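I have placed the structure first, in the form of structure tokens, so that the comments after it can refer back to it.
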Amino acid sequence: MTDSQAPTTNPVAPVPAGVRTAADVVTPEVLAQLIRGVVGSGVTSNHTPATGEKLADLPESTPEDVAEAFSRARAAQPLWAATSVRKRAAVLLRFHDLLLERQAEVLDLIQLETGKARLHAHEEVQSVAVAARHYGRKAPAYLRPRRHTGAVPVLTKVTEQRQPRGVVGQIAPWNYPLELSIGDALPAFVAGNAVVMKPDTETALTALWARDLLVEAGLPAGVFQVVLGEGPVIGPEVVERGDYISFTGSTRTGREVAQRAAGRLVGASLELGGKNAMLVLHDADIEKAAAGAVRACFSTAGQLCISIERLYVHESVADAFVERFVARTKAMRLGCALAYGADMGSLASERQLKTVTSHVEEAVAKGATVLAGGVARPDIGPYFYEPTILEGVEAPMSVCTEETFGPLVSVYRFSDEDEAVELANSTPYGLNSSVWTRDGRRGHAVAARLLTGTVNINEGFAPAYGSVRAPMGGMKESGLGRRHGSEGILKFTEVQTVAQQRVLPMAPSMGMDDEKYAALMTRSLRALKAFRLR
Ligand SMILES: NC(=O)c1ccc[n+]([C@@H]2O[C@H](COP(=O)([O-])OP(=O)(O)OC[C@H]3O[C@@H](n4cnc5c(N)ncnc54)[C@H](O)[C@@H]3O)[C@@H](O)[C@H]2O)c1
């Protein structure tokens, strides 16, 4: 073991003087404003991972409250759907401006509720701002009716038009509480739907803050309902009542949601888990790959669906890559104060800490080596865990195939590119992958063989604010459907075909005399021939 491979302690990020605390941000007035309008007859609470202490008391919705929220949304939706697309899109553009103006408020809330470092909260805000601008500008084009000439052009004018689904039931996780709540709801709203959203209770304040901002931007209040409560208790009620289901979370829960939605014959998009692989090929820029791996593995402490958890490195560059990657990882500053300065924050909960700890302990017990990290950091906060790199990992260690969803990555060495691709594809998941090479053509050739919804060349994952125009989602057990781009908005619509007959009545049986009918058919067939020739 060289010096750079010996486990060391990551530095603690400096905390600037006068930094705001939870009590400064979640004042009784702010809390009272945020929880207004939540349909809930019970009481629940959430916590801040920074200390593990209670952050706020919140209303808790029962299944009956969920039913009430759907009634309110259903009552408000037709008027919103009747508003022109341009006016609906203008609401998103105003939301974009307000979000940028007031981003400091939501950066604080995201950090308090998730424990992530400010730079990762910032990336999230940027993504949502760009999504709002994109759909604000492009929704009229995405939703514009498309005219087709009928098979017999003289007879039929066909229009394909988009109708909103109605009331969308949305269920979101805690890891990206702005992006996966409001960010995913924006295209649903601009398409004319109402939304009943169930965010994770632990990150409810961020979702409620965003709801208020969207209402301030012009969304009619009734169109956006938020319900709060335990997933297994009220989640099924949301799925039972939605006209379409938008779910982001684990594959296990996603499967249950899909079965329930299928039973009702309503559509669902599912954004689920991953066990994402990065391939560092023999001709990669090792310095950039090592820096990219740090971002790809440890953003939001690895609690990111597209995070890299398996690193396959060509044996000819493996030593050089590992040395750089380990050194950068050990230098990461840890902290989650409400200020910039930390490179990685806390895990979000004790549950997360337990999973990471058990994956590391099991791997080490079965022979894996810790190259960096591998320890919790209770001196910083109750759920802090160092960014961790393992080597010598092999089946049947859990960390090989199960999603850890934490700051933990395993390094594997390969000699043959085909073998690396096969290994990368060897899990049931298919969300994201990454290829590092100086040869763009080789990168694209490898990408074409990777069974994942996104592949990034010379990047671990593209920031959403760089790729909102293109769809993002999972193959295999990582999901169904896509967010972003045209697919991210059209899924919130039903397509309706309206065929308008130009000449009526059009058959002898409908009153047209034989001669006229024969002349019409001759003209139509001529037109059809010309149409085919075009
Ligand atoms: N693919 C993506 O875009 C994406 C993004 C973020 C997170 N994720 C995945 O989410 C997982 C982490 O989130 P999590 O631990 O909160 O997931 P989870 O499945 O436990 O919970 C997700 C949401 O579903 C709710 N829920 C729980 N049980 C339910 C039920 N029976 N019916 C309906 N809803 C229910 C939860 O309350 C929560 O709001 C990871 O697997 C991660 O990869 C995927």
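Just a few scattered comments:
- Degrees, to the nearest 10: 118-143 long Cα axis against longest axis of the chain: 10
- Label-point gap, in nm, between ARG144 and ASP513 - each point 7 angstrom along Cα→Cβ: 4.5
- Once the Cα-Cα distance is subtracted from the 0.36 nm per residue extended length, the ARG264 to ARG442 segment shows a gain of 59.6 nm.
- Scanning residues 5 or more positions from GLY406 or on other chains, none has an amide H under 5 Å from its amide H, with H placed 1.01 Å from N in the peptide plane.
- Furthest towards positive pole of dipole, GLY345, GLN170, LEU58, structure part the chain, Cβ charges: GLN170
- For ALA13, residues with placed amide H under 5 Å, excluding near neighbours: LEU334, GLY335
- Of all beta bridges that DSSP places with both ends in the range 344-481, some 45 percent have antiparallel geometry.
- Sorted largest first, the spans of the alpha carbon positions of the range 194-313 along the three principal axes are 55, 37, 22 Å.
- Relative contact order of the chain, pairs being alpha-carbon contacts under 8 Å that are 6 or more residues apart, as %: 20
- Size of charge dipole - the chain - debye, nearest 20, with Cβ of Lys, Arg +1 and Asp, Glu -1, no other charges: 3020
- Paramagnetic reach from GLN163 in the range 186-211 [backbone N under 16 Å; point 7 Å along Cα→Cβ]: 191-194
- Under the simplified labelling scheme, the GLU216-SER45 pair shows an inter-label distance of 2.8 nm, with each label point 7 Å from Cα along Cα→Cβ.
- Cross-link pairs exceeding 20 Å in C-alpha to C-alpha distance, out of LYS116/LYS330; LYS275/LYS476; LYS288/LYS366, comprise LYS288/LYS366.
- Maximal additional length on extending the VAL375-MET475 stretch stands at 32.7 nm, based on 0.36 nm per residue less the C-alpha distance.
- Estimated FRET transfer efficiency when R0 is 41 angstrom, pair SER84-ARG36 (beta carbons, to 0.05): 0.90
- FRET efficiency, 1/(1 + (r/R0)^6) with R0 30 Å, evaluated for ARG255 and ALA395 via beta carbons: 0.80
- Taking amide hydrogens as placed 1.01 Å from N in the peptide plane, the amide H of ARG438 sits under 5 Å from those of ASP283, ALA284, ASP285, each at least 5 positions away in sequence or on another chain.
- Relative to the longest principal axis of the Cα atoms of the chain, the long axis of helix 85-101 lies at roughly 20 degrees.
- DSSP-defined antiparallel bridges as percent of all bridges, the chain, nearest 5: 40
- For the chain, the 222 nm mean residue ellipticity estimated from helices alone, with every DSSP H stretch of n ≥ 4 adding -39500 (n - 2.57) and the total spread over all residues, rounds to -13500 deg cm²/dmol.
- Those lysines that a straight Cα-Cα span of less than 27 Å connects to LYS87, excepting residues fewer than 8 apart in one chain: LYS138, LYS198, LYS491
- Top positive-direction residue, dipole computed over the chain with Cβ charges, set TYR517, THR355, PRO232: TYR517
- Calculated FRET value between GLU402 and GLU105, using beta carbons and R₀ = 35 Å, to 0.05: 0.45
- Ranking by accessible area, most exposed first, for VAL399, VAL43 with a 1.4 Å probe: VAL43, VAL399
- The angle separating the long axis of helix 204-216 from the principal Cα axis of greatest extent in the chain is about 40 degrees.
The values are calculated or read from the model by the stated rules, or taken from the named source; none is laboratory data. All values derive from a computational prediction rather than experimental measurement. Every residue, glycine as well, gets a Cβ built from its backbone with ideal geometry; the counts of neighbours run over all protein chains shown. Just so you know, the surface numbers come from the protein's heavy atoms only, side chains and all, with ligands and any DNA or RNA stripped out. Shrake-Rupley method; radii C 1.70, N 1.55, O 1.52, S 1.80 Å.
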